[in-house]
1. Does the range 152-160 include one or more residues that are over 19 Å from P69 (Cα atoms), out of contact with any strand residue (DSSP E or B) (no Cβ under 9 Å at 6 or more places or on another chain), of a type outside the set (S, T, N, Q) and open to solvent by less than 70 Å² (accessible area, probe 1.4 Å)?
2. Got at least one residue in the range 165-173 being of a type in the set (K, R), surrounded by 13 or more Cβ atoms within 10 Å (Cβ to Cβ), modelled with pLDDT under 90 and part of a helix (DSSP H, G or I)?
3. Before we move on, is R143 charged (D, E, K, R) and open to solvent by less than 50 Å² (accessible area, probe 1.4 Å)?
4. Quick one: count up the residues across the range 77-93 that are surrounded by fewer than 13 Cβ atoms within 10 Å (Cβ to Cβ) and assigned to a helix (DSSP H, G or I).
5. Quick check on this structure: which one of G64, G58 is touching a helix residue (DSSP H, G or I) at 6+ places or on another chain (Cβ under 9 Å) and surrounded by fewer than 19 Cβ atoms within 10 Å (Cβ to Cβ)?
6. Which one of these is more than 20 Å from L52 (Cβ to Cβ), open to solvent by less than 70 Å² (accessible area, probe 1.4 Å) and part of a strand (DSSP E or B): G96, G112?
7. Any idea which of L65, L46 is over 14 Å from the mean Cα position of the chain (by Cα) and touching a residue at least 60 places away in the same chain (Cβ under 8 Å)?
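The values are calculated or read from the model by the stated rules, or taken from the named source; none is laboratory data. On a predicted model such as this, the values are computed, not experimentally measured, just so you know. Please note: Cβ atoms are built from the backbone with ideal geometry, for glycine as well, and neighbour counts cover all protein chains shown. The protein model used for the area step is the full one, side chains on, heavy atoms only, and it has no ligands, DNA or RNA in it. Shrake-Rupley method; radii C 1.70, N 1.55, O 1.52, S 1.80 Å.
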Amino acid sequence: MKPEKVNFDNLSAEQAGKLFPIRIVPYNPDWQTLFEHEKTLLAEALGKDIVLHIEHIGSTSVEGLAAKPTIDIIVEVADLSFGAKQVIIAKMKTVGYENMCNAETENRMTFGKGYDENHVETQTYHVHIREKGQTPQDEICFRDYLRQHSGMRDEYAALKYVLAEKHQFNREDYTQAKTGFITKITERQKKKQMNEIESDQKNVVGICTEFHTLLKFSKRKR
């Protein structure tokens, strides 16, 4: 029997929570393989004229991190005008994705796959479509920091286990409760990257200054 696809736009937060409660599981190395497979599938379905870049984000993208077993993916596209959105919706349907209209804004769209009303534990995916120039650096920064700092990764895992038990049937409250931690880590990574950029710029200026000094000295000797 073919599973019934869920239309989240017709569900309240409470109904969605009861159908799909928060479940945190230990890290699974297969998540990276699942992402790579889905990346290929999405690239082929949407086409190179639409897709600019595809990234694995969320907890399943961080090795060793416990997570909800949903693969989160960001796809950067060239255009998200009304007409372009209709083309993307049609193409995403061919590979099993439903548009979550209640999560859509002018420059972003969200799609889900793998949800059914019979509670069959199929693999779930969330695809976040972003228009060029709207790439969510926050998610990338958060991911990269946790990949580089195992202590904070483990602290985040512990927090998620506590919050999943407390907000098992309310995804919105679960997500909101993590915001403070995520914001703190994201800002820390942004500051780190900014310091690295400033350091690189200073190094370039230093090299250029040294080069010009040597050049002047060389001309004087002539």
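1. Yes, the range 152-160 contains at least one residue that is over 19 Å from P69 (Cα atoms), out of contact with any strand residue (DSSP E or B) (no Cβ under 9 Å at 6 or more places or on another chain), of a type outside the set (S, T, N, Q) and open to solvent by less than 70 Å² (accessible area, probe 1.4 Å).
2. Taking every residue of the range 165-173 in turn, at least one turns out to be of a type in the set (K, R), surrounded by 13 or more Cβ atoms within 10 Å (Cβ to Cβ), modelled with pLDDT under 90 and part of a helix (DSSP H, G or I).
3. yes
4. 4
5. From the options G64, G58, the qualifying one is G64.
6. G112
7. Sole residue among the options that is over 14 Å from the mean Cα position of the chain (by Cα) and touching a residue at least 60 places away in the same chain (Cβ under 8 Å): L65.
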